[in-house]
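Comments concern the structure below.
The values are calculated or read from the model by the stated rules, or taken from the named source; none is laboratory data. Treat the numbers as computed from the prediction; the structure is a model and nothing was measured. Cβ placement follows ideal geometry from the backbone for every residue including glycine, while neighbour counts extend to all protein chains displayed. Only protein heavy atoms, including side chains, enter the accessible area calculation; ligands, DNA and RNA are left aside. Shrake-Rupley method; radii C 1.70, N 1.55, O 1.52, S 1.80 Å.
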Amino acid sequence: MGNQVEKLTHLNYKEVPTADPTGMDRDEGPRIGVSYIFSNDDDELEQQQDSAHDLGGEHPALQPYDPQLHEVECSVYYRDECIYQKSFSEEDMLPEEGDEGGGGHLSTYTPENLLNRCKPGDLVEFVCQAQYPHWVVYVGDFQVVHLHRLEVVNSFLTDASQGRRGRIANQLYRYKPLSPAVVVRNALEQVGCKDRDLSWRNSECFAAWCRYGKREFKIGGELRIGKQPYRLQIRLGDKRSHTLEFQSLEDLIMEKRRNDQIGRAAVIQELSSHLQAAEEEEEEEEEDHHHHPGAQTAVE
């Protein structure tokens, strides 16, 4: 089983059947994303990365961070409905209330600056190069509730940030939010939950569940059967995109977070290698058909 787990959690795009690289949805057979049913919580991986910093690595707060340089632009669809979007385009960068600079909802701030912006019930996403994003729920009085190292804990926002910059992430998911009081209550009621009692695979799923209350964010909240209703559309620039399909929102979020962790350049490199191989294969098939015009493709 160990080898199977290793393979499932380290697949690259070349090994994954996917949708059309142009983003057009064609019905030419199954195109699925990676299933993370055996995958570890990525908060455990954050612990290993923190250890590296403790052993002399540069503190994340000291590293320059440009969201447009490091983060992957993407959209998430459930069937034809867009339920999540991260985009740096001008039309999508709407200024938040109180954002005098008009930097948009993807602007990042220091933890101290965030304290002046957060209201109870807000979701905050801490970001840093080469690390998984860490999501928390702001509950007031400078405190947050979050899933950290397999336990739901209550911390000060500045401590939870671990020196990383962050943004208020209320606008990323398109679901209708619960009232701030209910969001705070959902978060506080889970404090102390840990290990096998957890119903969420990572900090993002936990925080999003607190705000939207949807079972799709929970482990096993959806059955992985039948057609893949979720699509992760990754923007490659120059009006090109690549689409992966998933059976559950939970699996899709795990892949989206993996992309955030490895960074935009690495994702584009992976996809470019995959697309180049796919194009070469199509060219070979066209050449074979040209040499054998009478041949017919067998249908399984």
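The table below lists the values:
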item	result
Shape of the stretch 100-179, Cα gyration tensor, a/c cut at 1.5	rounded
Cross-link pairs beyond the 19 Å C-alpha cut-off, checked among 119/176; 194/218; 176/239	176/239
Rounded to the nearest 10 Å², the accessible area of residue 88 at probe 1.4 Å	20 Å²
Within the stretch 145-255: Cβ-based charge dipole about Cα centre, in debye rounded to nearest 20 (Lys, Arg +1; Asp, Glu -1)	420 debye
